[in-house]
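A short worksheet on the structure shown next.
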Amino acid sequence: SCGKIAGVHKRDDALGVQHVFLGASNKMNLRITFLLDHRIDAEHVCYMGDDIPDHDVMKKVGLAVCPADSAPEIKAISEYISPYGGGRGCVRDILEQALKVQGKWMDEEGKVW
């Protein structure tokens, strides 16, 4: 619904997200165009998908991840499966894991690792 889409844009704006593609029918072409336009190597991309239309794109990026409630075919090709479902914290989980790997996550005392 339009209200849900408006909520997505409001949240993304607050987080500083610059590029959002909702309802993309050809994800592979979108991926190719976006990476070329921004001069990004596909090996440097983490892509979260949850269903069959994401499969081909996930096979062509550096890190394929998915939510806990993804299709079995997507889980099979994912290098990380979040313990959280779509809309239930999986994006936050992926971001937390990435920050931890980079040594940019805080410990219990508020210190960055």
- Message: Here is a check on your reading of the model: is ALA14 outside any loop (DSSP other than H, G, I, E, B), of a type in the set (Gly, Ala, Ser) and either more than 22 Å from TYR80 (Cβ to Cβ) or under 14 Å from the mean Cα position of the chain (by Cα) (or both)?
- Response: yes
The residue from LEU63, LEU95, LEU30 that alone is without any contact (Cβ under 8 Å) to a residue 60 or more places away in the chain and touching a strand residue (DSSP E or B) at 6+ places or on another chain (Cβ under 6 Å) is LEU63
Practice problem: Tell me, yes or no, whether region 84-98 has at least one residue that is touching a Cys at 6+ places or on another chain (Cβ under 9 Å), among the polar types (S, T, N, Q) and either more than 21 Å from HIS19 (Cα to Cα) or open to solvent by 30 Å² or more (accessible area, probe 1.4 Å) (or both). | Solution: no
Flagged in region 14-45 as open to solvent by 70 Å² or more (accessible area, probe 1.4 Å) and either small (Gly, Ala, Ser) or closer than 13 Å to GLY62 by Cβ (or both), in numbering order, are ALA14, GLY23, SER25, ASP41, GLU43, HIS44
Of those in region 46-74 that are more than 15 Å from ALA98 (Cα to Cα) and of a type in the set (Val, Ile, Thr), the residue surrounded by the fewest Cβ atoms within 10 Å (Cβ to Cβ) is ILE52
Those residues of region 31-65 which are under 18 Å from CYS90 (Cβ atoms) and not in a helix (DSSP H, G or I) amount to VAL45, CYS46, TYR47, MET48, GLY49, ASP50, ASP51, VAL61, LEU63, ALA64, VAL65
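The values are calculated or read from the model by the stated rules, or taken from the named source; none is laboratory data. It should be emphasised that the depicted structure is a prediction, and the values quoted were computed from it without experimental measurement. Note: ideal-geometry Cβ built from the backbone for every residue, glycine included; neighbour counts use all protein chains shown. Surface accessibility is based on the protein's heavy atoms, side chains included, excluding ligands, DNA and RNA. Shrake-Rupley method; radii C 1.70, N 1.55, O 1.52, S 1.80 Å.
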